[in-house]
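Take a look at the structure set out below.
Where a number appears in this text, it was derived from the coordinates with a stated rule and is not lab data. Not measured: the values here are computed from a predicted model. When we count neighbours, we look across all protein chains shown, and the Cβ atoms used for this are built from the backbone with ideal geometry, even at glycine.
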Amino acid sequence: MAKTPPPADTAPETPAGPGKNRPTPSRAEQEAARKRPLVANTKEARARAKAELAAQREKARIGMANGEERYLTPRDRGPQRRFARDYTDAGWHAGELVMPLLILVILVALVPNNTVVFYAYIGLWAYILFVVADMVMLSRKVKKLAKDKWGDRREKGLGWYAAMRSVQMRFMRLPKPQVKRGQYPA
């Protein structure tokens, strides 16, 4: 004897009490419901992840350029490094002009006159010696000022850090200079 289903307009009432009111899913159904890829492999998910990464990188780049401590590399972190950066950025340094001078010497080397090229190279080497002397003086000055300010807690490599920063052209320095020329830190 086959049961006849109830008419469509009269649905069976669901009990209002405790219980799940549905059959228990089989183990295969439960496992199938839990399966999903570890890494979403859809075009939208990849595009979203790429956009988020680009936004994070842009935020970090702007933060580093502005000198925000949490975005700086370990090399640039700390109050002593900030002091060395600010002291270097406040002054004029001969090293800033090395790159333009190198380009000028390359252009002069195209001149067919060997005497002109020879003296251009001699002038370049003399200027490089002048830059090295400027770097040594800056390094010693920054180390002395840092020792006066922090005593024996002065970090290693502070003079080298300032000297290497002085060789870069001002607009290419990262983090960007936070002080104007002549505005030496206290």
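Compute the length gained on full extension between LEU107 and ASP148: take 0.36 nm times their separation in residues and subtract their Cα-Cα distance, giving the result in nm to one decimal. Mind dumping the intermediate values first?
Details: separation 41, 0.36 × 41 = 14.76 nm, distance 4.57 nm.
Gain in length upon complete extension: 10.2 nm.
Computed over the chain, the P(r) curve from all C-alpha pair distances, binned at 5 Å from the origin, holds 1, 6, 10, 10, 9, 8, 7, 6, 6, 5, 4, 3, 3, 3, 3, 3, 3, 3, 2, 2, 1, 1, 0, 0 percent per bin.
Could you tell me whether region 51-160 comes out rounded, prolate or oblate from its Cα gyration tensor? Rule is a ≥ b ≥ c as square roots of the eigenvalues, rounded for a/c under 1.5, then prolate if a/b exceeds b/c, otherwise oblate. Oblate is the answer for region 51-160, as a/c is 1.5 or above yet b/c matches or exceeds a/b. Bridging of LYS50 to aspartates and glutamates at a Cα separation below 20 Å is possible for GLU58, once same-chain residues fewer than 8 apart are set aside. Taking label positions 7 Å along the Cα-Cβ direction at both SER26 and LEU174, the computed distance is 5.9 nm, reported to one decimal. At GLU58 and ALA90, where each label point lies 7 Å from the Cα along Cα→Cβ, what is the point-to-point distance in nanometres? Taking the simple label geometry, GLU58 and ALA90 are separated by 3.6 nm.
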